[in-house]
Amino acid sequence: MRRALIAVVLMAGSAFVALAQDDAKHVQKRGIFVLDRLEFNLKKYYYDRKFHGLNLDQEVSDARENMKKVSTMGEMFLVASQFLLRLNDSHTFLYPPPRNEQPQYGFAAEMFGDKCIVTWVQPASDAERSGLRPGYEITSFGAIIPTRTNFFDLRRVLYVLTPVKTLQLRARDLEGRDLQLLVNVTFITRKEQARLFKKLKDDQSQDPFTCAAISSEVEVCKLRTFEVDKSRLGDLYKTWKGKKHVILDLRGNSGGLVETETDVLSHLFSHKILSATRTTNGKTERDFADGRSDAYTGELSVLVDSESASAAEVVARVVQIEKRGKVFGDVSSGAVRTSGILEFPIPAVPDADDGGGSIMFAFLSVTLADVEMSDGSKLEGVGVIPDEAITPSQYAISKGLDPILSIAATKAGGSITPEAAGALGFTRRETIEAAGSVVN
């Protein structure tokens, strides 16, 4: 299913202009070089040397044949990415060299259940002028119908692999009317994009969580990321003390450091538990949360959505397995493996007499370990199934309401309206646009 996405993009075309024949041959040479580097690194570092039963040599051969047909840099990276998609692995993918101009589509969207819903539209953007509004369902991006299976790759295509100058959308408004929209995409410099992304990461690092009292006994805490040193979460744990019920909101949390993941779990258990087992080519390593004498032992709820990934999913699933609390919300992303980032150079013309001219640098995210939960289950490609499955309506999203938190708070013995819950801002996602060029 995932590999079909890029094939559709190749047929549909992109914003790139075909190169002259000689230049196209250079691009093809570059593409072969990229495939060779990907093959080398996969065989050296990928956690499963059997590659899930795939004949890697044959896959490389097929990709090399496809690479002989490309005529643009965009097509080159699409073919290379399509080769990696054959592994069907959430943590193995290609980062092409950064572009001089980065796209800004003027809106953000997420999967809620099986629907792709607009969560934010930038004021005065062409997306807004075209008629797109929060709460609208996007039924297709050009020729591509968004699904939970392909949405991650779709975002990578639009932001990283082949950004477009105009984006054709089919949408459905709150009254169920079908719309055809054309959004003119704006571009910002690579330097400005880097500044926005740095600000996003700095904000998350400096302010990784926000807590609010629902009542004297019920506290909700939004944990935005696990990509922060565990020492930054001391005040989070202090907030839990004396509370009868804590709601840990992991919606939109894409994961981060294993060390921080196990630290959070240690503050939720008074005894040592096995959180997960990581396997690399038959060798296993167990992750334990040691537990603490001062751990929070009151009632617990966890909120997740389709953007909750990796460490966030492990924490939510451990809470379920250990019967520590209940999980509310939507099925999580199912992206639970351990990866590393490898850098490799791409010469302008591989094997050229002058050394290949200018060099670009690409990056490969490669899976180093598979993750298995203590009950033997795996979350990769499956996700965490909530104890109470709840997704917001399109109307709720359009008005900035948060019925998920409202329902969880009521179940916990507190009371907060969807309007007041939405005002906390725990579901806002406009920062996704700033992170678009490095969606992961």
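Read the figures in this text as sums done on the coordinates, not as results from a lab. In this text, all values refer to a predicted model and were calculated from it rather than measured experimentally. We place every Cβ from the backbone using ideal geometry, glycine too, and count neighbours over all the protein chains shown.
Fewest Cβ neighbours within 10 Å first, please rank LEU250, LEU54, LEU38 accordingly. Kindly include the intermediate steps, with their values, before the conclusion.
Values: LEU250 30, LEU54 13, LEU38 23.
The most exposed by this proxy come first: LEU54, LEU38, LEU250.
Report, in degrees rounded to the nearest 10, the 0 to 90 angle that the Cα long axis of helix 2-12 makes with the longest principal axis of the chain. It works out to around 50 degrees.
Ordering ASP126, ASP153 from the fewest to the most neighbouring beta carbons within 10 Å gives ASP126, ASP153. Among ARG64, ARG30, ARG317, a tally of other beta-carbon atoms within 10 Å of each Cβ gives an order, fewest to most, of ARG64, ARG30, ARG317.
Only lysines eight or more places from LYS411 in sequence, or on another chain, were considered; those with a Cα closer than 30 Å are LYS115, LYS222, LYS230, LYS238, LYS241, LYS243, LYS244, LYS272, LYS323, LYS326, LYS378, LYS399.
Let me check I've understood the local charge: for LEU379, count other residues with C-beta under 12 angstrom from its C-beta, Lys and Arg +1, Asp and Glu -1. What total comes out? Residues near LEU379 contribute -2 overall. About its Cα centre, the dipole of the stretch 101-196 is roughly 260 debye, where the only charges are +1 on Lys and Arg Cβ and -1 on Asp and Glu Cβ.
Straight Cα distances below 18 angstrom link LYS165 to the aspartates and glutamates GLU75, GLU101, ASP126, GLU128, GLU433, with same-chain residues fewer than 8 positions distant left out. For the stretch 94-104, putting each phi into the Karplus relation 6.51 cos²θ - 1.76 cosθ + 1.60 with θ = phi - 60° gives couplings of 9, 9, x, x, x, 7, 5, 10, 10, x, 10 Hz, in residue order, rounded to whole numbers and with x for Gly and Pro. In the chain, Cα pairs under 8 Å separated by at least six residues give a relative contact order of 18 percent.
With only the Cα atoms considered, the chain has a convex hull volume of 139 Å³ per residue. For GLU380, the residues whose amide H sits under 5 Å from its own are VAL336, ignoring neighbours fewer than 5 places away on the same chain, with H placed 1.01 Å from N. Counted over the chain, the DSSP beta bridges are approximately 75% antiparallel. The spacing between the stretch 174-194 and the stretch 261-315, judged by their C-alpha centroids, is 38 Å.
To one decimal place, what orientation-averaged projected area in nm² is obtained for the convex hull of the Cα set of the stretch 101-196?
With the hull built on Cα positions only, its mean projection is 6.0 nm².
About its Cα centre, the chain has a charge dipole of approximately 40 debye under the convention of +1 per Lys or Arg Cβ and -1 per Asp or Glu Cβ, with nothing else charged. Note that the stretch 319-330 has calculated 3J(HN,Hα) couplings of 4, 5, 4, 7, 6, 7, x, 10, 10, 10, x, 9 Hz, one per residue in order, obtained from phi through the Karplus relation 6.51 cos²θ - 1.76 cosθ + 1.60 (θ = phi - 60°); glycine and proline are x.
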